[in-house]
Amino acid sequence: MSLEISLQSDQRFRALIEHSSDAISLLTPEGTVTYASPSTRRVTGYSAEELVGRNGFTLLHPEDLEDVRQQFTGILDQPGHSITVEGRFRHADGTWRWVEATLTNLLADPAVGAVVCNYRDITQRKQGQERLLQSEERYRMLVEQAAVGMFVTDLQGHLVEVNEVGCQLCGYAREALLIMHIQDLIPEEDRADVRVEIERLRAGETTRSQWYMKRKDGSLLPVGTTANQLSTGNLLVIARDISDRIQAEQARQQLLAYERAARAEAEATRARLYEFLHQAPMRIMALRGPEHRVEFANTQVLQIERYADRVGKPFREGWPEFVEQGILAILDEIYITGTPFTGTEVPLKVDRKGDGVPEEAYFNLVYQPLRNAQGDIDGLLLSAIEVTEQVQARRRVEELNRQLEAEKDALRQAEQEAQARASELTAIFEAMTEGVIVCDARGEIRYTNPAYRSLLALDEDADSSVLQIDRRFEWLALRDLEGRPLPKEQLATLRVLRGERLSGIHTVDHLCHTYKGEDLILNANGAPIRDATGQIVGGVVVFRDVTERRRLGQQLHSSERKFRSLVESNILGVVVADVEGRIYEVNERVAQMVGYSKDELLSRTFNWQQLVPPDAHEAQAQMTKTLLSTGVVPPQEGEYLRKDGSRLPVLAAATLLDQERRLGLGVILDISDRKAAERRKQEFLSMVSHELRTPLTSIMGFIDLALLCSDLFPRPLSPEAEKLMGKMETGLKRAMRQVEIETRLVEELLEVTRLEMHKFELSLQPENLVTIVQETVANQQQAARTRQIELVLPPDEVVPVLADAGRVGQALTNYLVNALKYAPLDQVVLVHLVVEASSARVSVRDQGPGLTAEQQQRVWERFYQVAAPGRQGPDGGLGLGLAIARAIVEQHQGQVGVESAPGQGSTFWFTLPLAAGLIQA
Ligand code: ADP
């Protein structure tokens, strides 16, 4: 039954629950839903089935969870206890819903055994509450947060209400204020005003005023107030802190003060600037407007008196002289373009003295535009610094520099020239044949040229110490020309260093040694070298080897002496005459020789020609020609006519003294004594040879006879007799040859004698030279059968000559005999006859030893023989053959000669003039 009751009651209960507007759930102490009433769907959106088995806490808002859980846990040990909690619950649609729940602990109730949770959605209520709270809040904030203090008083002025800002403004706490009178917040002196103001407010006025609020800390706060009467009858005073505004005002005042001060300062600055501009060491002008009216000009400008009245005038009128110098154009330009102008050292003509005479001046110019507040150009500021002095000074410096440069250039050039001259000098020194030394002030040699070194036989690489002055003096062994030693001071270098100039007549000749010890005569020229102050710093000495000149001089001197003594001794005749025969000088000897007095000879009317015998005129003319062309006439024998008509044999020679005046010096030797002696000798010779020839002829006759006899001797003979006879014949023949030689020698002697005694008679006949040559060659061939003589004749069969055939044959014989004698036996002797233009030429060529040039000259002399071993032919000889041949040929107006060289054989030749047409073939 109890179950039924219980069931019935349960059903009722259930019906009650199920129709309740609240949702009901049963929860375990852990919060798990064991039952949910159908109305839970309305509140939570979940069906009862969906909720059962879930933990109710999981649906709570995290912010509310802890609070709710605590309260829930709080009732768990209080059976029957019930609490109401609020919290947010997540609706099935996802929104949060405010829920108010009443939790009742019925765990101990066996019929329930759970915590009964009775809950409803209070979201709407919650939101209304919220809105109310919010509007309240807004109001509160309005009052509190308004930046104004609000004071409410009763009609007597006792404070009844005040907001937070009001408290802050005066620094009192609200409670303190609410027992205070409004005038406690005002300084004593203003309180009367407060009372007046209250009266006005009670009369319904709205007041606006400014006060100083006396704060709790005693400080005064400026406030602006607006006040009126509220409908409640109380008075509302709204106070704003106006200390900012006051401060701003104060700041404004201060700024104003500053501005005034600044203005004053600016004024002062302007004054100073003005002063500065005035005093500035430059010209400053301020111009205004497009006309450039002069607004300001500083002292520098104005100190030029006439300029003072130009201020205020347009630039054009004030400074016309600058207008024409282009300044106005510049000003216009700046005024239009705003581009400043700067000019450095601009030349300007300035009429400084006002006398109309412009002076050249230079300025550094700076012209700038002046702008007004809007930035537009309304004027110009001109500044000019005069730099005339600087420019002039600089020009002077530049000029000086230029001069300096020019001087430097000149110096450089001089240096270069000096250098060039030095190298020129060195080159000259090097090329000079005179020895040059340059020495320093102590006499030590600094330079020697090659000629000096070769002069003194110094090797190219000789140790320079040998030139050291003491050593030099040692080996030089200085002496005068007589060989007496000289002291060291006489060294040319030392003399020069003492300031002597060795030149002209002051040059010195010294005898000295070369380094190799040979004697040398040196002529020294020299001069000291001085520096700019005239101090001697060295010397230069030029040495010339005058050994030869000296020697020649000495020779000349002695030969002149000899000559003089000769002239004066009157052994030789000496005459000076021109080629026309006029005598200028003559010595006593000549006068003696020719039998005229010296005066006669020197008289204008006398001519040398008078002394020349007629047959010698031609020879004399020839001599004059030779003298003029060669300058000398070698000694020649001749004859002069004496005053008494007799002839004087002389040996005369001449030299040309003066080419221009054709003046000659003649030396005459009287050889009449010698001639007489010669004649005697010739006579003796002729006599001797004649005497010799006679016996020779007879000897030859006897030998011939003896040979003939031996031939005629009856034969046969006994062998002994035959042998003896043979020996005799040989001896006779040898004797015959000797005699023949002797005869020829004697012949030659005779021949020469005749030649010299002018007894050489020729019988000239027209002859055929071919025949003469052929016969002569044949004869020689006959005499020397073993020898080979080759004859070459011209094509002409006849070569006509006017000749003594025997003599010409003799001349050719002499040539042939020599050729056969001196040439090797096996060599051919070649005889040539050739016809030339006007002469015939006969030559004999041999392959003998040949002759030197000197020998070729001398072989024609009488008795000359080349002295050489093996030269002598088998028959000896006297050295007369060629002399005779020459005499013969020359008597035929022909010439002789020889072409030869040692080892090359010789060709002796002679020519004879052709005698054309004289002989018929
Ligand atoms: P000699 O009687 O000595 O031959 P010459 O007057 O004929 O006298 O000659 C003079 C000298 O000339 C000779 O002694 C000889 O030395 C030299 N001589 C002449 N002819 C020749 C020649 N053909 N070759 C070389 N030497 C010659």
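The values are calculated or read from the model by the stated rules, or taken from the named source; none is laboratory data. Because the structure is a prediction, the values reported are computed rather than measured. Here the Cβ is made from the backbone with ideal geometry for all residues, glycine too, and neighbour counts use every protein chain on show. With ligands, DNA and RNA removed, areas are computed over all heavy atoms of the protein, side chains included. Shrake-Rupley method; radii C 1.70, N 1.55, O 1.52, S 1.80 Å.
Numbers for the structure displayed
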item	result
Residue match in segment 545-557 (condition: within 60 Å of the chain's Cα centre (by Cα), surrounded by 15 or more Cβ atoms within 10 Å (Cβ to Cβ) and outside any helix (DSSP H, G or I))	yes
Segment 431-458, subset modelled with pLDDT under 85 and not β-branched (V, I, T), residue surrounded by the fewest Cβ atoms within 10 Å (Cβ to Cβ)	A431
Only listed residue being away from the ligand (no atom under 16 Å from the Cβ), among the polar types (S, T, N, Q) and open to solvent by 30 Å² or more (accessible area, probe 1.4 Å), chosen from Q781, Q788	Q781
Residue count, segment 287-339 (criterion: in contact (Cβ under 8 Å) with a residue 40 or more places away in the chain and either crowded, with 18+ Cβ neighbours inside 10 Å or in contact with a Ser or Thr (Cβ under 9 Å, 6 or more places away or on another chain) (or both))	5
Number of the exception - R564 against (1) at pLDDT below 85; (2) over 13 Å from V667 (Cα atoms)	(2)
Test set (1) within 24 Å of R530 (Cβ to Cβ); (2) of a type in the set (A, V, I, L, M, F, W, C); (3) open to solvent by less than 40 Å² (accessible area, probe 1.4 Å) - L478 fails condition number	(1)
Any hit, segment 837-847, residues being within 7 Å of the ligand (Cβ to nearest atom), modelled with pLDDT under 90 and not in a loop (DSSP other than H, G, I, E, B)	no
Selection count, segment 611-636, where residues are farther than 24 Å from Y596 by Cα and polar (S, T, N, Q)	4
Matching strands (runs of 3 or more DSSP E) fully within segment 150-235 where at least 3 residues are open to solvent by less than 70 Å² (accessible area, probe 1.4 Å) and either within 23 Å of E249 (Cβ to Cβ) or touching a Phe, Trp or Tyr at 6+ places or on another chain (Cβ under 6 Å) (or both)	207-214, 220-229
Scope segment 511-527; condition over 26 Å from G499 (Cα atoms) and touching a residue at least 60 places away in the same chain (Cβ under 8 Å); matching residues	E518
Members of segment 668-726 found to be assigned to a loop (DSSP other than H, G, I, E, B), farther than 30 Å from V575 by Cα and either in contact with a strand residue (DSSP E or B) (Cβ under 6 Å, 6 or more places away or on another chain) or of a type in the set (F, W, Y) (or both), listed by number	F713
Matching residues, segment 490-507, being open to solvent by less than 20 Å² (accessible area, probe 1.4 Å) and among the β-branched types (V, I, T)	T493, V496
Some residue of segment 61-73 being buried (at least 20 other Cβ atoms within 10 Å of the Cβ), assigned to a helix (DSSP H, G or I) and in contact (Cβ under 8 Å) with a residue 40 or more places away in the chain	yes
Segment 795-822: number of residues that are small (G, A, S), modelled with pLDDT of 90 or more and surrounded by fewer than 24 Cβ atoms within 10 Å (Cβ to Cβ)	2
Some residue of segment 640-657 being touching a strand residue (DSSP E or B) at 6+ places or on another chain (Cβ under 8 Å), without any contact (Cβ under 8 Å) to a residue 40 or more places away in the chain, among the charged types (D, E, K, R) and surrounded by 13 or more Cβ atoms within 10 Å (Cβ to Cβ)	yes
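Residue by residue, here is whether (1) open to solvent by 20 Å² or more (accessible area, probe 1.4 Å); (2) within 11 Å of the ligand (Cβ to nearest atom); (3) modelled with pLDDT of 85 or more holds:
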| residue | (1), (2), (3) |
| --- | --- |
| Y864 | yes, yes, no |
| A867 | yes, yes, no |
| G870 | yes, yes, no |
| G873 | no, yes, no |
| L882 | no, yes, yes |
| I888 | no, no, yes |
| Q895 | yes, no, yes |
| P902 | yes, yes, yes |
